[in-house]
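Nothing in this text is a laboratory measurement; each read-out follows from the coordinates by a stated rule. Note that the structure is a prediction, hence the values are computed from the model and not measured. Every residue, glycine as well, gets a Cβ built from its backbone with ideal geometry; the counts of neighbours run over all protein chains shown.
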Amino acid sequence: MAKRPWKIFKEIERPYTRFSYSKSYNKIPGAPVSRLRMQIMGMTNIPKDQWKYVGHLIALHNVQVSDYSLESVRTNILKYLENEVKEFLFIVRKYPHHVVREHSLVYGAGADRISQGMRHSFGKPSTRAAQVYYKDIVLSIYYNKQEFTDRISFYLDVARKKLAGKYKKYIGENKPEEIILSSVV
């Protein structure tokens with residue numbers, strides 16, 4: 001069976017998250033492990049409010065983002081940041097809690113004899129996704145030197161192209177998030 005394109009899972013559905021390591025509370029048997037390995041990287045000993053500048057990626061509409069794409073963005077931007085910026089705090093704000101189900105269908109010649117059609121079509125857990133809503137900050141990059149502003153803008157453009165949905169970037173002074181969200185979106 002071929003891997004389905006993510007555009008069929010992009011729209012937000014009811015969260016399916018009842019996963020637990022305790023057998024008695026685990027309502028989703030066989031739920032896959034998240035591919036997102038880390039969420040806070042860089043100089044984690046400095047608090048967020050002590051950094052001079054910040055770059056945010058802000059969602060412009062509701063969308064589901066796969067854990068594969070979040071991990072891809074994380075590894076790609078972290079590589080850039082470690083090589084060029086050196087002093088930074090990089091936070092991926094969204095975690096893929098939602099378990100995406102996929103109803104396996106058989107394609108090709110003779111599929112009608114093998115497949116059951118849409119009978120019992122609830123689906124099996126296949127991957128995880130983060131549910132991103134309007135005005136949610138997906139990721140943040142904190143830094144101190146203004147000379148890196150153009151580089152941070154480029155990194156956020158790379159992230160926008162790798163994630164599903166439309167996003168707006170904010171790059172500027174580190175202000176409270178409520179003020180940033182009211183002025184940007």
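Under the convention that each Lys and Arg Cβ holds +1 and each Asp and Glu Cβ holds -1, the size of the dipole of the chain around its Cα centre is about 720 debye.
When the chain is treated as a GNM with alpha-carbon contacts under 10 Å, the residue of Lys124, Lys79, Lys169 showing the greatest mean-square fluctuation is Lys79. Cross-link partners for Lys79 among the aspartates and glutamates, with Cα-Cα distance under 19 Å and sequence neighbours closer than 8 places in the same chain left out: Asp67, Glu71, Glu87, Glu147, Asp150, Asp157.
Ordered by the number of other Cβ atoms lying within 10 Å of each residue's own Cβ, fewest first, His61, His56, His97 fall into the sequence His61, His97, His56.
Given the choices [x] 15.6, 48; [y] 19.4, 68; [z] 19.5, 65, Rg and Dmax of the Cα atoms in Å derived from the coordinates of this structure is entry [z]. Spacing of the modelled spin labels on Glu177 and Thr149, each 7 Å from Cα toward Cβ, amounts to 2.3 nm. Positive-end ranking of Val158, Ser126, Leu36 along the dipole of the chain, with charges on Cβ about the Cα centre, is headed by Ser126. Pairs spanning more than 29 Å between alpha-carbon atoms, out of Lys3/Lys48; Lys7/Lys94; Lys7/Lys168; Lys10/Lys52; Lys48/Lys166: Lys3/Lys48; Lys10/Lys52.
Return the calculated 222 nm mean residue ellipticity for the chain, to the nearest 500 deg cm²/dmol, obtained by summing -39500 (n - 2.57) across DSSP H runs with n ≥ 4 and dividing by the residue count.
-6500 deg cm²/dmol
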